[in-house]
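Participant: Take this structure first; my questions come after.
The values are calculated or read from the model by the stated rules, or taken from the named source; none is laboratory data. None of the values given here were measured: they were computed from a predicted structure. Note: ideal-geometry Cβ built from the backbone for every residue, glycine included; neighbour counts use all protein chains shown.
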Amino acid sequence: MSVDGIAPVDLGPTTTYSDYLALDQVLRAQHPRTEAHEELLFIVVHQTHELWFKQVLSEFERLRGRLAAGDTAGAMRALHRAALVFRVLIGHLDVLETMTPGQFAAFRDALDASGFQSAQFREIETALGRRDPEVPLGYPEGGPERQRLQAAMNTPSVFDAFLTYLALGGYRVERELLDRDVSEQLTTSSDLEETLRAVYADDGMAARVAEGLIDIDQLLQEWRYRHVTMVARTIGGKTGTGGTSGAAYLRAGLFSPMFPSLWAVRN
């Protein structure tokens, strides 16, 4: 019925909270293989990690765009949100550590996968600047994971975008750095470190962005450390799930910063 001669607008089917969030699919995506109570916790924590990894990758994509455009405020917002997500991820490990070694052992033999296989985590490392041509080869040829990682290897990293940001801000950045092959690992140099020292000496907005990058790097290292101690606490020195060397394998990745140049200028 119209009101005051105005016909009602047909808004179509009402979207419910459950429909919008696809909760029917999300809440049915947990498939424990045993009757062990803690297996559901293990699945939920890892699935939520992957969801947050997806958000981090979205923030890094925005961060690259804002840096390349010289947009300090936009870059700082993306850095801030990504840092908060990493803090949430570290907090998730607190929940996982409520599981005792015996409780994990009750379902561990049913697992044939490892967090080492997380393609999104490898993509995060690649987005930050890691270049390891062997990483994509760990995923099926022609599969979406390998394609995404190969594409990431050929996309300017967050640090590449930061160099563009510095050049736009009037800092001296060598042309070979700006035009380099982004599929190759960037190494620090005396010229680059001199530029970064100038950034810190000015103590302006560029220095704030640099410290935002350091926050991300530090939080990633903190997550790695917490992950190592959580694994050691749960399985000790046993072989890791999926055939890795467990905690020993994870320790090998500690103290490997994503932005070594930003750490080097502190010496």
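Participant: Name the residues in the range 12-59 that are aromatic (Phe, Trp, Tyr), loosely packed, with under 10 Cβ neighbours inside 10 Å and either at positive phi or touching a residue at least 24 places away in the same chain (Cβ under 8 Å) (or both), would you? Show your work before the answer.
Facilitator: Taking the range 12-59 first, the residues aromatic (Phe, Trp, Tyr) are 17, 20, 42, 52-53.
This time we only want the ones that are loosely packed, with under 10 Cβ neighbours inside 10 Å, so: 17, 20.
Result: no residue meets the conditions.
Participant: Among the residues of the range 81-99, is any buried (at least 17 other Cβ atoms within 10 Å of the Cβ), of a type in the set (Ser, Thr, Tyr) and under 21 Å from residue 52 (Cβ atoms)?
Facilitator: no
Participant: Related question: If the requirement is being at pLDDT below 95 and either charged (D, E, K, R) or surrounded by 13 or more Cβ atoms within 10 Å (Cβ to Cβ) (or both), which of these qualifies: 138, 129? Write out each step before concluding.
Facilitator: Values: 129 fails: at pLDDT below 95.
Being at pLDDT below 95 and either charged (D, E, K, R) or surrounded by 13 or more Cβ atoms within 10 Å (Cβ to Cβ) (or both) holds for just one of 138, 129, which is 138.
Participant: Quick test of your reading of the structure: residue 146 fulfils all but one of (1) touching a Leu at 6+ places or on another chain (Cβ under 7 Å); (2) surrounded by fewer than 18 Cβ atoms within 10 Å (Cβ to Cβ). Name the failing condition by number.
Facilitator: All conditions pass for residue 146, except number (1).
Participant: Taking the condition of being among the small types (Gly, Ala, Ser) and touching an Asp or Glu at 6+ places or on another chain (Cβ under 8 Å), how many residues in the range 136-151 meet it?
Facilitator: The total comes to 0.
Participant: Scan the range 103-126 for residues that are in a loop (DSSP other than H, G, I, E, B) and either surrounded by 17 or more Cβ atoms within 10 Å (Cβ to Cβ) or in contact (Cβ under 8 Å) with a residue 60 or more places away in the chain (or both) and jot them down.
Facilitator: Passing the criteria: 110, 111, 112, 113, 114, 118.
Okay, residues lined up against (1) over 20 Å from residue 216 (Cα atoms); (2) under 18 Å from the mean Cα position of the chain (by Cα); (3) not small (Gly, Ala, Ser):
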{"site": "69", "(1), (2), (3)": "yes, no, no"}
{"site": "74", "(1), (2), (3)": "no, no, no"}
{"site": "81", "(1), (2), (3)": "no, yes, yes"}
{"site": "102", "(1), (2), (3)": "yes, no, no"}
{"site": "113", "(1), (2), (3)": "yes, no, no"}
{"site": "121", "(1), (2), (3)": "no, yes, yes"}
{"site": "137", "(1), (2), (3)": "yes, no, yes"}
{"site": "145", "(1), (2), (3)": "yes, yes, yes"}
{"site": "154", "(1), (2), (3)": "yes, yes, yes"}
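Participant: Could you tell me which residue of the range 170-202 is surrounded by the most Cβ atoms within 10 Å (Cβ to Cβ), considering only residues that are over 14 Å from residue 259 (Cβ atoms) and among the β-branched types (Val, Ile, Thr)?
Facilitator: By that ranking, first place goes to 173.
Participant: Could you grab me the full set of residues in the range 62-75 that are surrounded by 14 or more Cβ atoms within 10 Å (Cβ to Cβ) and in a helix (DSSP H, G or I)?
Facilitator: 62, 63, 64, 65, 66, 67, 68, 72, 74, 75
Participant: Right, something else. Filter the helices (runs of 4 or more DSSP H) completely within the range 127-201 down to those with at least 1 residues that are without any contact (Cβ under 8 Å) to a residue 24 or more places away in the chain and under 30 Å from residue 116 (Cβ atoms). Write out each step before concluding.
Facilitator: Numbers: elements: 144-153, 158-168, 175-178.
Hits in the range 127-201: 144-153.
Participant: Another question, if that's okay. Restricting to the range 95-154, name every residue that is more than 23 Å from residue 39 (Cβ to Cβ) and of a type in the set (S, T, N, Q).
Facilitator: Matches in the range 95-154: 126, 147, 150, 154.
Participant: Can I ask one more? Report yes if some residue within the range 195-209 is touching a helix residue (DSSP H, G or I) at 6+ places or on another chain (Cβ under 6 Å), β-branched (Val, Ile, Thr) and either modelled with pLDDT under 95 or more than 25 Å from residue 56 (Cβ to Cβ) (or both); otherwise report no.
Facilitator: No, because not a single residue in the range 195-209 is touching a helix residue (DSSP H, G or I) at 6+ places or on another chain (Cβ under 6 Å), β-branched (Val, Ile, Thr) and either modelled with pLDDT under 95 or more than 25 Å from residue 56 (Cβ to Cβ) (or both).
Participant: Quick check on my filter: what residues within the range 149-169 are surrounded by fewer than 19 Cβ atoms within 10 Å (Cβ to Cβ), of a type in the set (A, V, I, L, M, F, W, C) and either closer than 30 Å to residue 43 by Cβ or in contact with a His (Cβ under 8 Å, 6 or more places away or on another chain) (or both)?
Facilitator: 151 - this is the single residue of the range 149-169 that is surrounded by fewer than 19 Cβ atoms within 10 Å (Cβ to Cβ), of a type in the set (A, V, I, L, M, F, W, C) and either closer than 30 Å to residue 43 by Cβ or in contact with a His (Cβ under 8 Å, 6 or more places away or on another chain) (or both).
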